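Beneath this line is the structure, given in structure tokens, with notes to follow.
The values are calculated or read from the model by the stated rules, or taken from the named source; none is laboratory data. These numbers were taken from a predicted model, which means no experiment stands behind them. Glycine gets a Cβ as well: all are built from the backbone with ideal geometry, and neighbour counts include every protein chain shown.
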Amino acid sequence: MLLSFSTKTQSVNTLRPGYIPLMKNKGMIATASSRQSNHQLPISHFSDPFYLDRSFVKGLAYYDYPPAFRSITNGDPLSLKREPDNKYDRFAVAVYFCGRKLGYWPFPENKAIANLMDRGVKVRARVVSIHPDKDEIYEALSAEAFVRI
């Protein structure tokens with residue numbers, strides 16, 4: 001896999017076909033492609049792991065988070081499962097801990113992760129912080145998604 005960068009002023013929609021957005025940060029957009037190009041850097045130029053996103057997991061109140069939160073600690077690995085047939089979000093990525101569904105990666109951040117997973121890339125995730133005492137359960141679990149290079 002190769003990564004390429006373009007300036008922030010270039011719209012993701014104007015990137016050449018075959019590219020998927022990975023990360024928008026500090027004025028640059030990282031994209032992945034399976035094709036060779038003069039504008040790409042070999043993946044070895046990037047850190048391992050390559051972080052894609054950090055977000056609050058959504059839908060915690062509706063799934064198995066309430067009974068599972070006592071056993072979750074910072075740094076614990078999470079499993080991501082693509083749900084392309086989800087009737088509410090065609091880019092749905094479910095988040096699991098020890099086989100229990102906790103919720104979903106939020107929209108629109110899930111688009112890049114879903115596109116990578118659809119192309120066979122193993123996207124991993126882990127708990128960044130857990131706040132069981134939060135009044136708002138919507139900000140109780142923060143996670144980061146990454147790929148190993």
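Numerical summary
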read-out	value
Test: residue in region 56-66 that is touching a Gly at 6+ places or on another chain (Cβ under 9 Å), over 24 Å from R148 (Cβ atoms) and loosely packed, with under 15 Cβ neighbours inside 10 Å	yes
Residue in region 97-129 that is nearest to N74 (Cα to Cα), counting only those that are in a helix (DSSP H, G or I) and of a type in the set (D, E, K, R)	K111
Residues that are at pLDDT below 70 and in a loop (DSSP other than H, G, I, E, B), drawn from region 135-149	D135, E136
Members of region 71-87 found to be part of a strand (DSSP E or B) and touching a helix residue (DSSP H, G or I) at 6+ places or on another chain (Cβ under 9 Å), listed by number	L80, K81, R82
Residue check, R90 modelled with pLDDT under 90, surrounded by fewer than 18 Cβ atoms within 10 Å (Cβ to Cβ) and outside any strand (DSSP E or B)	no
Close pairs (6 angstrom Cβ cut-off, 6 or more residues apart or separate chains): farther than 11 Å from L52 by Cβ and in the same structural domain as Y51 (by TED's automatic domain parsing) in region 98-119, surrounded by fewer than 23 Cβ atoms within 10 Å (Cβ to Cβ) and polar (S, T, N, Q) anywhere	P106/S55
Top-ranked residue in region 95-134 [being aromatic (F, W, Y) and closer than 21 Å to R148 by Cα; ranked as surrounded by the fewest Cβ atoms within 10 Å (Cβ to Cβ)]	Y96
